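The values are calculated or read from the model by the stated rules, or taken from the named source; none is laboratory data. Note that the structure is predicted; figures quoted are calculated from it, not measured. As a convention, Cβ positions derive from the backbone with ideal geometry for all residues, glycine included, and neighbour counts pool all protein chains shown. These accessible areas exclude ligands, DNA and RNA; they are computed on the full protein's heavy atoms, side chains included. Shrake-Rupley method; radii C 1.70, N 1.55, O 1.52, S 1.80 Å.
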Amino acid sequence: MRSADVLIVGGGIVGAACAREYARQGLSVAVVERAALGGGATAASMGHLLVVDAEDGGDASEFQLSQRSLRLWQDWLDESPAHAELAEHERCGTLWIAADAEELALAERKCAWLTARGLPAELLDAAALARLEPQLRPGLAGALRVAGDARVYPPKVAAAWLQQAKVQLIRGEVTAIDGASLRLADGRTLWGAMVVLCAGLASQRFLPPGCLLPKKGQLAITQRAPAAVSHQLVELGYIKKAHLAHEDTVSFNVQPRPGGQLLIGSSRQVGRSDAPLDLAMLRRMLQCAAGYLPGLPELSLLRCWSGIRPASADGQPLIGAHPELARVWLATGHEGLGITTSLASAELLADLSLGRAPALSPAPYAPARFVA
Amino acid sequence: MKIIINGIEAEVPAGVTVAAALAHAGHGATRRSLSGQPRQAFCGMGVCQECRVRIDGQPERLACMSLAVEGMLVETLA
Ligand SMILES: Cc1cc2nc3c(=O)[nH]c(=O)nc-3n(C[C@H](O)[C@H](O)[C@H](O)COP(=O)(O)OP(=O)(O)OC[C@H]3O[C@@H](n4cnc5c(N)ncnc54)[C@H](O)[C@@H]3O)c2cc1C
Ligand code: FES
């Protein structure tokens, strides 16, 4: 017996976005999840919704996907005023902080790149930056302000999308996938017209070797800060570091949460998929943050946690047909951008799997690139 | 032993934590959440952070991890 038109493996932000999109197309959707909905990488993340430019380290297809996705986020927010509240959405904007003249030159290039594409971006000199965020240390060179970027709380969004999709939730662990059926650990078999694999890093189990790799990250959150910051603050070195393939890195990335708590990121350890906190990395990360926000060490940390970014071997997500299995579709490997790019990924996958003309060019994300 | 909770003297057993002292003196809540809900000690072992109070002027101290001492000033709902 058919369990649903579409069987989705994984109830993270990507699975939830796909569930919503297929449901909008009038299909019945079942989501198989072995743990908490919105739990995996989705719960560990920062929830920064950001446009990615292709200047210095970025990539044109990352820009396309993030840009399209932000449009779709806005459409969802426009559907109902309740959505923004539920998502804890706030258009805080991003300040890309330039520590020196070299980084300021990068800020200028990014600013020109974004404004050439009609996106609101402005360059701030040292004085303007200090006025806007007086908690930052003196002596910074300036910043690029991208006012349209925002922040959400991803687990709640995933839950809302799954609810909107009226999915049938199936608790269990998928152990085998063949064409249109799924086998669960407890012996059940589920049938659908198609299977959509959104299991984050664990998708690797059902893929040719070497498609996905883990990139561990750690975050910390403070008590409510008496003098908080108002933008998501990111050091301009971030993108450069994020793309360093074989090195452990920390970068300054601080986000204002509702009520004035500060979410402090971030670290990146390639190939690590263990959960325990790495205290040495955490210390490096906090020292890095305190280097930009000297008041930070005054605050107590309420929690620290780790999460694993599901990265692909070449940095682009896998969105499209499974390279080997018929009627199996993939949306995974979003690394550090899955919250931002979830909606455009879902739209693209639905376009491809339902035979519609895709809104985005699918080539950069085609999973077949890994089976040359 | 006496401590002062929100300006009012309270007689509490010697050797207890501030969280226990608050409970003994009939204080349900230690703080309020952003939405105004009362919160109180939950885990009793320094993990949940719900028991934060001001102790001798210092904010955000964990009541469950602090021993009550004679004359201590404890302020809740800070
Ligand atoms: C520290 C950190 C910070 C981040 N910050 C941001 C940010 O600011 N902005 C941004 O856009 N992105 C950010 N990300 C990236 C983002 O979190 C991920 O790209 C995104 O959450 C991936 O979502 P997913 O649905 O693919 O995976 P997951 O959220 O991991 O979901 C996969 C789900 O599949 C389930 N599953 C796996 N295997 C099976 C199986 N066999 N059977 C049944 N269920 C299964 C899992 O239990 C899990 O719930 C960050 C990530 C980290 C770690
Ligand atoms: S009761 Fe949980 S930290 Fe004190």
Keeping all protein chains in place and using 1.4 angstrom, which order do A:Phe370, A:Phe206 fall into by accessible surface area, from largest down? A:Phe370, A:Phe206
On the accessible surface of chain B, probed at 1.4 Å, how many percent belong to carbon and sulfur atoms? 56 percent
Carbon/sulfur accessible area of region A:1-75, % of total, 1.4 Å probe, equals 48 percent
Solvent-accessible area of A:Arg24 with every protein chain in place, 1.4 Å probe, in Å² to the nearest 10: 140 Å²
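Can you tell me the dipole magnitude for chain A around its Cα centre, using point charges on the Cβ only (Lys, Arg +1; Asp, Glu -1), in Debye to the nearest 20?
840 debye
If you average the sequence gap of Cα pairs under 8 Å that are 6 or more apart and divide by the length of chain B, what percent do you get for the contact order?
The value is 38 percent.
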How big is the charge dipole of region A:1-154 about its Cα centre, in debye rounded to the nearest 20, if each Lys and Arg gets +1 on its Cβ and each Asp and Glu gets -1 on its Cβ? 420 debye
Evaluated at q = 0.12, 0.14, 0.18 Å⁻¹: base-10 log I(q)/I(0), Debye formula over Cα of region A:316-372: -0.24, -0.33, -0.55
Quick check on chain A: helices-only [θ] at 222 nm, where DSSP H runs of length 4 and up contribute -39,500 (n - 2.57) each and the sum goes over total residues. Nearest 500, please. -9500 deg cm²/dmol
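For region A:129-275, with all protein chains present and a 1.4 Å probe, just round the carbon and sulfur fraction of the accessible area to a whole percent.
Roughly 55 percent of what the probe reaches on region A:129-275 is carbon or sulfur.
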Bounding extents of region A:179-267 in its principal axis frame from Cα atoms, largest first in Å, are 55, 33, 22
Kirkwood Rh, angstrom, region A:117-216 [1 / mean 1/r, Cα pairs]: 18.8 Å
So which residues of region A:210-228 lose at least 50 Å² of accessible area, probe 1.4 Å, when you go from the chain by itself to every protein chain present? A:Arg224
Give me D for chain A in µm² s⁻¹, whole number, from Stokes-Einstein with Rh from the Kirkwood sum over alpha-carbon pairs, 4 °C and 1.567 mPa s. 62 µm²/s
Per residue, how much accessible area does the protein assembly as shown show when a 1.4 Å probe rolls over the protein heavy atoms, in square angstrom? 42 Å²
Descending semi-axes in Å of region A:20-147, equivalent ellipsoid built from Cα gyration tensor: 34, 17, 15
Given the protein assembly as shown, what count of lysine pairs have C-alpha atoms under 20 Å apart, with each pair 8 or more places apart or on different chains? 7
Distance in nm between pseudo-label sites at A:Lys166 and A:Ala116 (7 Å out along the Cβ direction from Cα): 4.8 nm
Where in region B:38-78 does accessible area fall by at least 10 Å² between the isolated chain and the complete protein assembly, at a 1.4 Å probe radius? B:Val47, B:Cys48, B:Gln49, B:Arg52, B:Glu60
Once you have the alpha carbon radius of gyration of region B:1-67, what is it after dividing by 2.2 N^0.38 Å, with N set to its residue count? 1.04
How big is the B-A contact in terms of buried accessible area, both chains counted, 1.4 Å probe, rounded to the nearest 100 Å²? 600 Å²
Residues losing 30 Å² or more accessible surface upon assembly, region A:270-310, compared with the chain by itself, 1.4 Å: A:Leu302, A:Arg303
With the convex hull built on the alpha-carbon atoms of region A:281-339, volume per residue in Å³ sits at 134 Å³
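Based on alpha-carbon atoms only, what is the radius of gyration of region A:1-91 relative to the globular estimate 2.2 N^0.38 Å?
It is 1.26.
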Considering Cα pairs under 8 angstrom that are at least six residues apart, work out the relative contact order of chain A and quote it in whole percent. 23 percent
